[in-house]
Amino acid sequence: MNILTIAGAPSAGKTAVITHICRLLKEKGEKTAAAKFDALSTTDHLHYQKELGMDAVTGLSDYTCPDHYYVSNLEEVISWGKRIGSDHLFIETAGLCYRCAPHIKGIPALTIIDNLGGLDTPSKMGPMLETADVVALTKVDMVSQAEKEVFIHRIKAVSPKAEIVSVNGLTGTGVARLLRILQTHTQKTEITGSRLRYPMPAAICSYCTGEQRIGQAFQSGNIHKIILPESKEVSHVFPSS
């Protein structure tokens, strides 16, 4: 079974791109399945079922970190995909945290980013973009050619090795080329023991376990404090070291 991890910001077009890819694979007689990881609610699995009649499941992290929840359930989801006899399994994440990245060593990694984001968006996406094999650039029909080229330049500055493909999430233009590129990437056949391409952030603090009160007296565990300038003349805030 071929596996693909898909990451990207909310409303970037992840589900639309996956739908177009699955439609092409279905025309070739191949069976596809999708797993969507989200935080509180999603109807994406219903979209896949309605549009393509494909198997789809949803995992909601609820009170736990969505990214940690995702990693903790990878084995189960992939076992499900194999059990139903799927040829291709698409694992889509909510894209809630730019600090994290769902991409796995040995598994093709696709990150979707829309061209309507600010020019600083690529630099803010961190490992989600930095560790991608392929980047699908959506909503390119809504910007000028000059804006598109500048945006692509910003993407390459963050992820110089990734291949960039322009895709129209509404019409599916560019998806055939995207699929051909993804199929050139070899992948592992076993997920157990594989490694993430980038480590998850530290957790286990008092707020992780349900604390809601604000103040140092209520903070414990893995706490990372901001470093502020001592001089009153300095108005900006330095990042944490």
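The values are calculated or read from the model by the stated rules, or taken from the named source; none is laboratory data. It should be emphasised that the depicted structure is a prediction, and the values quoted were computed from it without experimental measurement. Counting neighbours? That spans all protein chains shown, and the Cβs are built from the backbone with ideal geometry, glycine included.
Just give me the residues in the stretch 46-67 being in a helix (DSSP H, G or I) and either surrounded by fewer than 17 Cβ atoms within 10 Å (Cβ to Cβ) or not assigned by TED's automatic domain parsing to the domain that holds residue 17 (or both), in sequence order.
Within the stretch 46-67, the first condition is being in a helix (DSSP H, G or I), and the residues that meet it are 46-52, 66-67.
Once the filter is applied, which keeps residues that are in a helix (DSSP H, G or I) and either surrounded by fewer than 17 Cβ atoms within 10 Å (Cβ to Cβ) or not assigned by TED's automatic domain parsing to the domain that holds residue 17 (or both), the stretch 46-67 yields 46, 49, 50, 51.
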*Filtered residues of the stretch 164-175 (kept if without any contact (Cβ under 8 Å) to a residue 60 or more places away in the chain and assigned to a loop (DSSP other than H, G, I, E, B))*: 168, 171, 173, 174
_I'm checking my understanding of the structure. Among residues of the stretch 176-205 that are free of Cβ contacts under 8 Å to residues at least 60 places away in the same chain and among the charged types (D, E, K, R), which one is surrounded by the fewest Cβ atoms within 10 Å (Cβ to Cβ)?_
190
*Scanning for something touching a residue at least 12 places away in the same chain (Cβ under 8 Å) and in contact with a helix residue (DSSP H, G or I) (Cβ under 6 Å, 6 or more places away or on another chain), does the stretch 60-75 turn up at least one residue?*
yes
*Based on what the data block shows, is residue 7 out of contact with any helix residue (DSSP H, G or I) (no Cβ under 8 Å at 6 or more places or on another chain), within 26 Å of residue 140 (Cα to Cα) and in contact (Cβ under 8 Å) with a residue 12 or more places away in the chain?*
no
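Select, from 90, 37, the only residue that is closer than 25 Å to residue 27 by Cβ, buried (at least 21 other Cβ atoms within 10 Å of the Cβ) and either in contact (Cβ under 8 Å) with a residue 24 or more places away in the chain or not assigned by TED's automatic domain parsing to the domain that holds residue 208 (or both).
None of the other options fit; the residue is 90.
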*Hey, residue 178 hits all of (1) in a loop (DSSP other than H, G, I, E, B); (2) modelled with pLDDT of 85 or more; (3) not β-branched (Val, Ile, Thr) but one; which does it fall short on?*
(1)
